[in-house]
Structure formats: C-alpha cells, structure tokens
Amino acid sequence: TLNINNDSIIIENLFLKSEKLLNIDGSEAFNLNDKAIKLALTRGYIELYLKGLFSRSIFHLDLYHYDSANFFAEKCIAKSTEFKVPEYIGKSYNQLGRSLVRRGDLKRGLTYYLKALEVFEVDRHLSGIGASSMRIGNYYLREKNYDRAIKYFNKALLIFEGNNRSDMICALLNNLGIVYYSLENYDTAFYYYNSSLQLATNHEKLYRVI
C-alpha cells in the first residue's frame, strides 16, 4: 500500500525511470509511464497527470510514432481544458505543431503554434510565449518572410533575456543572423552571429547550439 504523502515522489520517480528507459526498453518505459499516469489521476495529482500525458506525447514523437504522439497531445488538451490548466493546453498545441512540421506540413504546423501562442498570452505564461514565438519565427524564416521572422524572434528574445535562458538566447541570436544575412545586411548579420558565438563560447554546454 502506498503512503499518500509519498505518492507525488513515487510518480515523479516513475516518470524519470520511464524517460531513462525509453531508448533501452521502450515497452517497459511505456509501462512505467502508464503506471505513473494512472497513479497520478487516482491520487488526484492533476498537474502530474497532465505532465504524464504530455511527456508520453513527446516520447512517441521522438520515436516518430506520429499517430500516438498526436493521440496523447490531443488527450492532454482535452483533459487540460477539463481541469482548467492552460499551460498544458499551450504545450500540447505546440506538440501537435511539431508533429506536423516534422512530417513536412509546415502551414498546418503554424496554425497550432499560433493557437499555443494565444493560449500562453492569455495565461501570461512567459516561457510558453517565448517558445511559441520562436517556432513561429522559424516558420517565417523558412518561408523567407523575413519581416515576420524578425518580429517573432525579437519577441522571443526579449522574453528569454528576461529569464536568462542562455540556450534560447544563443539560438535566437544565431537565427537573427541568418535572417539578416539572407537580407544581405551583412554588418547586422555579423553582429548577431558574433553575439551568438560569444555567448556560446562563454557557456560550454552551448557549443552545440552553434
């Protein structure tokens, strides 16, 4: 019998074990994830329950199981709406967008990124606004709509500078460099590329960003 005072720790540990096992034993990883999701719902840990649905969608997307990824993202949206937890509605819209973009359906992916942004803006969820804005900027960069790409990259940059997310700042500076290089504004492109490089060289873990 589980001690209810320890249930949240047990659930979190099940999620962690599931994540670690994903690339070793997918079947067991899913079993542990299922167990954590069911326990969270039974014990009334709603945020952990939604986290489980969302993480399960990520697992499937990482394994290119698109239908399963979408199923869990859509279930997470439905349950997040039922329990009035907008954070996971926005995150799951972004997840559906990522799934579509990976399959080459960029335009439909954009519609979900815009839905996510709308949810996060109403909820004033800053990191969600930043992540969604960056994804929207990436879409417009691919489409060579550089004015809109700049608008959304700068929106994301302002947020991530505010919460000191060096990894996202580094990526956004690099993306802005790409935009201005494409516009043949080489001095401005150099400024952003150099700013990204300097930030990366000051943070070892950021080398992969550039």
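The values are calculated or read from the model by the stated rules, or taken from the named source; none is laboratory data. Source: prediction; values computed, not measured. Neighbour counts run over all protein chains shown; Cβ positions are idealised from the backbone, glycine included. We work out accessible area using only protein heavy atoms, side chains counted, and drop any ligands, DNA or RNA first. Shrake-Rupley method; radii C 1.70, N 1.55, O 1.52, S 1.80 Å.
Structural remarks
- Charge tally around ARG148: other residues with Cβ under 15 Å, Lys/Arg +1 each, Asp/Glu -1 each, net +4.
- Sequentially through the stretch 107-120, phi angles give Karplus couplings (6.51, -1.76, 1.60; θ = phi - 60°) of 5, 5, x, 4, 4, 6, 4, 5, 4, 4, 4, 4, 4, 5 Hz, Gly and Pro residues having no value and appearing as x.
- Most to least packed among 46-59, 27-40 [average Cβ atoms within 10 Å]: 46-59, 27-40
- Spin-label model distance (nm) - ARG148 vs ASP167, 7 Å beyond Cα toward Cβ: 2.8 nm
- Relative contact order (%) - criterion: Cα under 8 Å, at least six apart; region: the chain: 10 percent
- Heavy atoms of the protein chains alone define the surface here; on that basis the chain has 56 Å² accessible area per residue at 1.4 Å probe size.
- Cβ-based net charge around ASN31, under 12 Å, with every Lys or Arg adding one and every Asp or Glu removing one: +1
- Ignoring lysines fewer than eight residues from LYS79 along the same chain, the ones with Cα atoms less than 18 angstrom from its Cα are LYS35, LYS38, LYS51, LYS91, LYS115.
- Once both labels are positioned 7 Å from their Cα atoms along Cα-to-Cβ, the gap between GLU118 and SER8 label points is 3.3 nm.
- For the chain, the longest principal axis of the alpha carbon atoms and the long axis of helix 26-43 meet at an angle near 70°.
- In order through the stretch 138-143: 3J(HN,Hα) via Karplus (6.51 cos²θ - 1.76 cosθ + 1.60), integer Hz, x for Gly, Pro: 4, 4, 5, 5, 4, 7
- Estimated FRET transfer efficiency (ASN202, LEU126; beta-carbon r; R0 25 Å; 0.05): 0.60
- With Cα atoms defining each centre, the stretch 24-84 and the stretch 137-177 are spaced 29 Å apart in the structure.
- Rounded to whole Hz, the Karplus (6.51, -1.76, 1.60) HN-Hα couplings of the stretch 51-65, x for glycine and proline: 4, x, 4, 5, 5, 5, 4, 4, 3, 5, 5, 4, 9, 6, 8
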